[in-house]
Amino acid sequence: MRKSIILAIVYFLCFNAAAQSSTTYELSGRVIDGTTNSGLEFSTVSLLNISDSSLIDGVITDSEGRFQLKTKKGNYILKVQFISYNSQFLSVTIGDADRQVNLGNIVLNPDTETLDEVVVTGAKDQMQLELDKRVFNVAENIANIGANASEILDQIPSVAVDVEGNVSLRGSNNVRILVNGKPSGLVGINNQDGLRQLQGGLIERIEVVTNPSARYDAEGSAGIINIILKKEKQGGFNGAFTANIGYPYNYGFSGNANYRTGKFNLFASYGINYRENPGGGYTDRTSFGTDTLFTYINNDRVRSGLAHNVRIGTDFYFNEKNILTASGLVRISDEENISELSYLDRNSQRQLIGNTLRKDTEIEDDNNFEYQLNYQRQFEGKGHELNTQVQYRNNDETEDSSIGQADLQMGESLAEYQRSLNVQGDKSILMQVDYVYPFSDGKKFETGYRGTIREITSDYEVKERDSTGQFVPIEEVFEGLNLSNRFEYDEDVHAAYAIFENKMDKWGYQLGVRFEQTYITTYQREGDVKVDKEYLNAFPSAFISYNLSKARTLQASYSRRISRPRFWLLNPFYSFTDPRNIRRGNTNVDPAYTDSYEFGVLNNLDNASIYFGAYYRYTTGVIERIDVAGTFAGQPATISTPYNIGVEDAFGLEANFSYDPVKWLNVNGNANFYRAMTNGSYEGQVLDRDALTANFRLNSRIKLGTVDIQVSGNYRAPENTVQGTRKSFYSMDLGANTDVFDDKGTITLSVRDVFNSRKWRGTLDTPTLVEESEFQWRARQITLSFTYRVNQKKPRRSRREGGDFDGSDDF
């Protein structure tokens, strides 16, 4: 004790004399990969006693590979380690004149022998299973080269994209689509067009959350699809650039680059693409009215256009605990869409009474701008943080159509006789604050606020050539037919949530609740019709997990969700390209509410991940489009309008797996068995259905020497709808790639829809209308691409080890 006191006095006197505490001696440096010159995050830096090599202190490097140690003056050994890399040992001397010693870059080189033992050469797993979500690394899928976001989503297990581009999850189209965790202008005013224009080369991965917690928006009864764009954080400069060419015409270039130095991380991506998508189909219709009418409609169409996607931003590190991120997104597209339709009408005796040709040439300009500012503050204690963000979006879309029509039975030639113009705008502001407080081991509390203010407008007019050859509003030609319309939609949603989480050795649970206050106003200029809707809802969520073993976990979850009718479901706008098939909105549609339950088991094995789950959804206020026979502009037509029709019980079984039986082979797949029982009605017509269907996907990736080969197959079983059936279909994709230029480049050849079989077929059966139809949105696509990487290596996939998921993120 006496010696300790004396040493303490001496130490104190030394402190006064030098005016410097021993803790002010600082040792720093940066650990980098010798092959890429990028920082090695999570490297272990150990400070050892020079006499007996005992450990004095240690630290883990940050995302740039940097480290910082504080110690006393003296002589030491510094040991630097990283898994599968050769370790480095450095002799370090710290004295009074060297209170801050910067060792600069410490280079580690891969240990080839160790690397061969623990790493499988190739890409990341294309499918990663976690308890709260499934992650699909779509950048590693060969078939996705040259594809757009809509086509990529159509390859995701449990996700389907229908003939009109609508996205559904587990059989429900009430799904929320986000970009980088937030609503985005890249999706566009309506998801269909925006997803087709978003280049797949800019997408890193897609996350599918089937039962979201209270942290997420309550919108989307089926769940959330989150599209994550590429963004690197490696030190120095790095990037990857891809050029592709395809048939039917598909020319594109995309690239992403990153430069990190000091307190700044700069990132940018750019994509340009020109595509032509030929498609078409037919409708064979029988209308029962005063007289039976047989109509055969043939539809040939080509969608083509040039699209630019730009993303740029910067992370500024005030220090290791304060980060400010500013970013911007821009998408500019110019499309030309040509639809050519022919109508053959026959009377009840099957005699030809009409032969009409109609051609619609539409020019569509779409400009989307998005700006975002994020601030992250990390407090003392792991996971204790505050995140704030502000986002502003401004989207404008103009659709200008020139429509020609000819009565071939009368010998007419095709001539322009109608014009339509639709100008749409979408502005929104998003404000969000999230706070996480871990108050003891395994326990944490989260709370936050999100507010969105959105305004959408649609100004639509249709003109027709009159007897004098002038184009006048169509209502002047067809009395009582008023198509011109200005429609305004204002939506304000304010939400607050709270979550409590407790993770123990075996058990874990999370309880949360989200409150959302919604204000919606619609205004229709023609008729001066204004509709106000206001509702406050509580959306609870609960998750519980149990670790049966290190590699196997059980999970059960519950959440309540809402599906607000989207802009196009409310807008009474009439589609006009095909006057025999009219789609319009309904301002009286109310939200649908869903209670969702799920139970599953996740198995993480040495060379496989397997998930089995069962789910059940109970939905009230089900929204369905109802087709009825009617007339439009003096012609017989099918008119489709959305209504709330009743309730639905939906349940299913799902299995996902990813399996590496040998080094050179990966197989992953999905099976979803789904049943939906709907009890509904519309104007006295019973709309009950009992739909039993299944979806299967299988993907295999084979490595033969330097060549990767990928084969993907998809099958969807037939399904009943409330007014008919959707028939089955199948498709198959092939792809192969090989690395060149010392693995800096990759050449890829892919064929999407090898058998040209991805066609939507269906029937409609009502008391007044019977139809059989087939439609193909895009034909078989062949694409050749080349990718070149600068200071980037193809990512390696570590062999799986049991229990690699600890259930800490949303269980």
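The values are calculated or read from the model by the stated rules, or taken from the named source; none is laboratory data. These numbers come from a predicted model, not from an experiment. Using ideal geometry, Cβ is built from the backbone for each residue, glycine included, and neighbour counts are taken over all protein chains shown.
Could you pull out every one of the strands (runs of 3 or more DSSP E) wholly within region 393-510 that has 1 or more residues that are closer than 25 Å to PRO540 by Cα?
Passing ranges, in order: 415-440, 443-465, 485-503.
Considering each residue of region 454-465, count those that are closer than 30 Å to ASP532 by Cβ, in contact with a Pro (Cβ under 8 Å, 6 or more places away or on another chain) and either buried (at least 17 other Cβ atoms within 10 Å of the Cβ) or modelled with pLDDT under 80 (or both), and give that number. Give the steps one after another, and end with the answer.
As a first pass, look at region 454-465 and keep what is closer than 30 Å to ASP532 by Cβ: 454-462.
Next cut, in contact with a Pro (Cβ under 8 Å, 6 or more places away or on another chain) only: 461-462.
Then keep just the ones that are either buried (at least 17 other Cβ atoms within 10 Å of the Cβ) or modelled with pLDDT under 80 (or both); that gives 462.
Within region 454-465, residues that are closer than 30 Å to ASP532 by Cβ, in contact with a Pro (Cβ under 8 Å, 6 or more places away or on another chain) and either buried (at least 17 other Cβ atoms within 10 Å of the Cβ) or modelled with pLDDT under 80 (or both) number 1.
Just one of (1) within 28 Å of the chain's Cα centre (by Cα); (2) at pLDDT below 90; (3) acidic (Asp, Glu) trips up ASP649, so point out which.
Single failed check for ASP649: (2).
Could you check THR577 against (1) hydroxyl-bearing (Ser, Thr, Tyr); (2) crowded, with 17+ Cβ neighbours inside 10 Å; (3) outside any loop (DSSP other than H, G, I, E, B) and say which number it fails?
(3)
Residues of region 722-750 being touching a Lys or Arg at 6+ places or on another chain (Cβ under 7 Å) and surrounded by 19 or more Cβ atoms within 10 Å (Cβ to Cβ), which ones?
VAL722, SER731, ASP733
What is the number of the single condition among (1) crowded, with 22+ Cβ neighbours inside 10 Å; (2) outside the structural domain of THR447 (by TED's automatic domain parsing); (3) at pLDDT 85 or above that ARG215 does not meet?
Only one criterion is unmet by ARG215, namely (1).
Quick one: would you say THR468 is on the phi < 0 side of the Ramachandran plot, surrounded by fewer than 18 Cβ atoms within 10 Å (Cβ to Cβ), polar (S, T, N, Q) and under 33 Å from the mean Cα position of the chain (by Cα)?
Spelling it out, it is not the case that THR468 is on the phi < 0 side of the Ramachandran plot, surrounded by fewer than 18 Cβ atoms within 10 Å (Cβ to Cβ), polar (S, T, N, Q) and under 33 Å from the mean Cα position of the chain (by Cα).
Tell me which of these SER596 doesn't satisfy, since it passes every other one: (1) buried (at least 21 other Cβ atoms within 10 Å of the Cβ); (2) within 24 Å of GLU683 (Cα to Cα).
Only one criterion in (1) buried (at least 21 other Cβ atoms within 10 Å of the Cβ); (2) within 24 Å of GLU683 (Cα to Cα) is unmet by SER596, namely (2).
Tell me the residue from ASP595, ASP649, ASP627 that is charged (D, E, K, R) and within 30 Å of GLU362 (Cα to Cα), please.
Values: ASP595 fails: within 30 Å of GLU362 (Cα to Cα); ASP649 fails: within 30 Å of GLU362 (Cα to Cα).
When all the criteria are applied, what remains is ASP627.
Taking ALA614 as the residue in question, decide whether it is assigned by TED's automatic domain parsing to the domain that holds ILE456, crowded, with 19+ Cβ neighbours inside 10 Å and touching a residue at least 40 places away in the same chain (Cβ under 8 Å). Quick ask: steps written out before the conclusion?
On the way: assigned by TED's automatic domain parsing to the domain that holds ILE456: yes; crowded, with 19+ Cβ neighbours inside 10 Å: no; touching a residue at least 40 places away in the same chain (Cβ under 8 Å): yes.
Answer is no for this residue.
Can you tell me which condition THR325 does not meet? The list is (1) among the β-branched types (Val, Ile, Thr); (2) farther than 27 Å from ASP578 by Cβ; (3) in contact with a Pro (Cβ under 7 Å, 6 or more places away or on another chain), and all the others hold.
(3)
Scan VAL622, VAL711 and give me the residue that is over 30 Å from GLU219 (Cβ atoms) and either at pLDDT 90 or above or of a type in the set (A, V, I, L, M, F, W, C) (or both).
VAL711
Could you tell me which numbered condition GLN555 fails, if it satisfies all but one of (1) touching a helix residue (DSSP H, G or I) at 6+ places or on another chain (Cβ under 9 Å); (2) in a strand (DSSP E or B); (3) not small (Gly, Ala, Ser)?
Result: GLN555 passes all but (1).
Any residue at all in region 528-536 that's of a type in the set (Val, Ile, Thr) and exposed (fewer than 14 other Cβ atoms within 10 Å of the Cβ)?
Looking through region 528-536, at least one residue is of a type in the set (Val, Ile, Thr) and exposed (fewer than 14 other Cβ atoms within 10 Å of the Cβ).
Filter region 672-697 down to the residues that are hydrophobic (A, V, I, L, M, F, W, C) and surrounded by 18 or more Cβ atoms within 10 Å (Cβ to Cβ), then identify the one that is farthest from ASN607 (Cα to Cα).
Ranking the qualifying residues of region 672-697, first place goes to LEU687.
May I ask you to list the residues in region 438-451 that are at pLDDT below 95 and either surrounded by 16 or more Cβ atoms within 10 Å (Cβ to Cβ) or of a type in the set (Ser, Thr, Tyr) (or both)?
PRO438, SER440, LYS444
Count, please, the residues in region 233-254 that happen to be touching a Lys or Arg at 6+ places or on another chain (Cβ under 7 Å) and modelled with pLDDT under 90.
Qualifying residue count for the region: 5.
Report, ordered by the first and then the second residue, all pairs with beta carbons closer than 9 Å, sequence separation of six or more or different chains, a first member in region 70-82 that is at positive phi, and a second member that is not in a strand (DSSP E or B).
GLY74/ILE50; GLY74/GLY95
Could you tell me which residue of region 593-643 is farthest from LEU357 (Cα to Cα), considering only residues that are among the aliphatic types (A, V, I, L, M) and not in a strand (DSSP E or B)?
Kept after step one, since they are among the aliphatic types (A, V, I, L, M), are these residues of region 593-643: 601-602, 605, 608, 610, 614, 622-623, 626, 628-629, 633, 637, 639.
If we keep only those that are not in a strand (DSSP E or B) as well, we get 605, 633.
Details: LEU605: 61, ALA633: 16 Å.
The residue in question is LEU605.
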